[in-house]
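The values are calculated or read from the model by the stated rules, or taken from the named source; none is laboratory data. Keep in mind it's a predicted model, so treat the numbers as computed, not measured. Methodologically, a virtual Cβ is constructed for each residue, glycine included, from the backbone with ideal geometry; neighbour enumeration extends over all protein chains shown. Side chains are part of the model used for accessible areas, which takes the heavy atoms of the whole protein and leaves out ligands, DNA and RNA. Shrake-Rupley method; radii C 1.70, N 1.55, O 1.52, S 1.80 Å.
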Amino acid sequence: MKKKILVLFLLSTMILGGCSTQKITDSSSQKEEAQEAKNQDISEESTDGEVDESQEASKDVFAMDTYMTVTAYGSHGEEAVEKAVTEIERLDGLLSTGEESSEIAQVNANGGGTLGKDASYLVERALEFGKSTGGAFDIAIYPIMKEWGFTTGDFKVPSKETLDGLLEKTKLSDVVFDKETSTISFKTDGMAIDLGGIAKGYTSTRIMDIYRECGVKSGLVNLGGNVQALGTKTDGSKWRVAIQGVEDDDSYLGVLSISDKAVITSGGYERYFEQDGVTYHHIIDPTTGYPADSGLMSVSIISKDGFLSDALSTACFVMGLENGMKYAREQNVEAIFVTTDQKVYVTKGIRKNFRIQVDAYELEK
Ligand code: AMP
Ligand code: MG
């Protein structure tokens, strides 16, 4: 699984990273170039003292269980990238359920507590999305994630009785959050929250804020294939984002051109295990406790707000094509839905900016 994430990351780095136009033809040479670009960590100083707005600063980090790259251009790029990495590490330390000392792990261990600014914002908005998605987006899903072994990698298929019992501990209406005091508590013992469906999108939006504060006009962040971009590339052209293709395939199914947007994808192929020939993935349907079986392979949501894109990609994956598409339209975001039978549905607003790369995929009208 790690390998798959890395491959996508390299591809995305290649497509997004270069300022030069690049033909997408030979994937092996692309990967080499991507690796080269990744290792270079370019930070050229202009020799005559003039500000070179195409000057690139870039760093790789492993956080939130994934490989990340932060890149910023211009004279403030290096400072912005340093600050972005510090912010990623800070948020990882706050929001990770696996880190015993994190704010969220403490809340889970103590059955409640007082949240800081970031977690408080996340919980409040997540609960709103929980309501507006009719419960498809459910941050109280943690006891079920744990039972499947997604929190530790020690995977197992729980019995239906176990899952039915745990569903009693995943009800959003049993999460009590007071926004005046930022305190959270649970009505049932053993309840716990998991911000894994929104943490990366929130992080990428925070990084855009940092870039702006630093005076950066062009930059991007790639959090394990989830991308958010500030402005355009330094030559004024749009960023090109790869949308991953079929399972166990290093290819990508299409390329989307964007500026000033987050492109966040939820896919059943991102984290999964197999038992007795059945694949079980990490996006859970809160009505059953089983991995969502909605006929979708992935959902990508495109909007200005990384948090919104992240919450909606997870929610729409659970909701399925029809309900998810309807909900995405209501929320005024653009979307790419890929079904398990390899059909691709793209909202009107981005159709002219999306190109299918792989013959096996069919673009629905
Ligand atoms: P994403 O990759 O953004 O779709 O997030 C998937 C992660 O969100 C999982 O690894 C869980 O931590 C969490 N999650 C799983 N199912 C749900 C759900 N129905 N609602 C909210 N979060 C979920
Ligand atoms: Mg998500």
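With +1 on each Lys and Arg Cβ and -1 on each Asp and Glu Cβ, how big is the dipole of the range 110-269 about its Cα centre, in debye rounded to the nearest 20?
580
State the extension gain, in nm to one decimal, for the chain segment bounded by TYR290 and ARG125, taking 0.36 nm per residue of separation less the distance between their alpha-carbons. Can you show the working numbers first?
Values: separation 165, 0.36 × 165 = 59.40 nm, distance 2.44 nm.
Full extension from TYR290 to ARG125 adds 57.0 nm.
For SER132, what accessible area in Å² do you get when you roll a 1.4 Å probe over the heavy atoms of the protein chains, rounding to the nearest 10?
SER132 exposes around 60 Å² with every protein chain in place.
Whenever you get a sec, compute what percent of the accessible area on the range 178-280 sits on carbon and sulfur atoms (1.4 Å probe).
That share works out to 42 percent.
As a test question: what accessible area, to the nearest 10 Å², does TYR67 have when a 1.4 Å probe is rolled over all protein chains in place?
Approximately 80 Å² for this residue.
Using amide H atoms built in the peptide plane, which far-off residues or other-chain residues are under 5 Å from LYS261 H to H?
The answer is ALA229.
Longer than 32 Å from Cα to Cα, which of LYS169/LYS326; LYS200/LYS352; LYS179/LYS326; LYS117/LYS348; LYS261/LYS326; LYS187/LYS304 are they? Say none if no pair is.
LYS117/LYS348; LYS187/LYS304
In nm, what is the difference between 0.36 nm times the number of residues separating ASN332 and THR183 and their Cα-Cα distance?
The ASN332-THR183 span can extend by a further 50.5 nm.
Explain nothing, just compute: Karplus ³J(HN,Hα) = 6.51 cos²θ - 1.76 cosθ + 1.60, θ = phi - 60°, for every residue of the range 345-350 in order, whole Hz, x for Gly and Pro.
So the J values, rounded to whole Hz, are 10, 10, 5, 3, x, 10.
Please list SER173, SER294 from largest to smallest accessible area, probe radius 1.4 Å, with all protein chains kept in place.
Ranking SER173, SER294 by accessible area, largest first, yields SER173, SER294.
Give a residue-ordered list of calculated ³J(HN,Hα) values for the range 103-112 (Karplus: 6.51 cos²θ - 1.76 cosθ + 1.60, θ = phi - 60°; whole Hz; x for Gly, Pro).
Values per residue, Gly and Pro as x: 4, 5, 5, 5, 4, 5, 5, 9, x, x Hz.
Checking the a/c ratio against 1.5 first, then a/b against b/c, what shape does the Cα gyration tensor give for the range 242-298?
oblate
What's the extension gain from THR114 to ARG90 if we count 0.36 nm per residue and subtract their Cα-Cα distance? Don't skip to the answer; put the middle values down first.
Values: separation 24, 0.36 × 24 = 8.64 nm, distance 1.77 nm.
Length gained, THR114 through ARG90: 6.9 nm.
So the label point goes 7 Å from the Cα of LEU167 along Cα→C-beta, right? Which residues of the range 309-329 then have their backbone N under 17 Å from it?
318-319
Go through ILE356, ILE144 and list them by solvent-accessible area, largest first, probe radius 1.4 Å. Don't jump to the answer; show the numbers that get you there.
Numbers: ILE356 55, ILE144 0 Å².
The residues order as ILE356, ILE144, largest area first.
Leaving ligands and nucleic acids out of the surface, order ARG329, ARG206 by accessible area at 1.4 Å, largest first. Don't skip to the answer; put the middle values down first.
Details: ARG329 145, ARG206 55 Å².
Putting ARG329, ARG206 in descending order of accessible area: ARG329, ARG206.
For GLN357, which sequence-distant residues (separation of 5 or more, or a different chain) have an amide H within less than 5 Å of its own amide H, given hydrogens modelled in the peptide plane?
Here GLY254, VAL255 satisfy the definition.
Which ³J(HN,Hα) values in Hz, rounded to whole numbers, follow from the phi angles of the range 211-227 under the Karplus curve 6.51 cos²θ - 1.76 cosθ + 1.60, where θ = phi - 60° and Gly and Pro get x?
Values, residue by residue: 4, 4, 4, 7, x, 7, 10, 9, x, 7, 9, 10, 9, x, x, 8, 10 Hz.
Work from the charge dipole of the range 128-225 (Cβ charges, +1 for Lys and Arg, -1 for Asp and Glu, about the Cα centre) and give the residue of VAL216, GLY197, GLY130 farthest towards its positive end.
Positive-end residue among those listed: VAL216.
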